[in-house]
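Everything on this sheet refers to the single structure shown next.
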Amino acid sequence: MPQDLLDITLSDEQIAAADAAFEQLVRALPGLTALTPEEHQEMRAAAANAGTRELRALAAMEPPAGGDAGLDALRRDMQAYDRLHSVFERVHALRAMLDDTIAALGGRMARSALSARAAGDRGPDSDPSGGR
């Protein structure tokens, strides 16, 4: 594996811009929610039981005369789901890149520390230039 997978320097301005962009994203999607682990598991199980194909077929049905509030809600939810999913995919890709960058930096820091320790263990007497 290569010694240096990346060379990155981040300025305070870059971090501030990233923080501002993140805050803008949060403000742009005010309806997002945070579920407890139990709620998350329950919602995933309900979605798996319903089946996406079946839900889409139901949403495509012609509503009865006078409308169907449940069908209208399903269509709104599916539209929101589809729109959010594209944002989710991009955020997930960004998270994967951040994760890989953090991992690469951690590995690089460990290798640098070992190298520095090895150089210190050799001491100045082992330097043919006499430490100059």
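List of remarks:
- Kirkwood Rh in Å, taken over the range 1-60 so that all alpha-carbon pairs contribute: 16.2
- Here the chain is assigned +1 on the Cβ of each Lys and Arg and -1 on the Cβ of each Asp and Glu. Its dipole about the Cα centre then comes out at about 260 debye.
- For the chain, the residue among Leu98, Ser86, Ala119 whose Cα projects farthest onto the positive side of the dipole built from Cβ charges is Ala119.
- Shape metrics for the chain, restricted to C-alpha atoms - Rg then Dmax, Å: 26.3, 94
- Helix-only [θ]222 nm of the chain, DSSP H runs n ≥ 4, -39500 (n - 2.57) each, per residue, nearest 500: -25000 deg cm²/dmol
No lab work stands behind these numbers, since they all come straight from the coordinates. These figures come from a predicted structure and were not determined experimentally. Quick reminder, even Gly has a Cβ in these numbers, built from the backbone with ideal geometry, and neighbours come from all protein chains shown.
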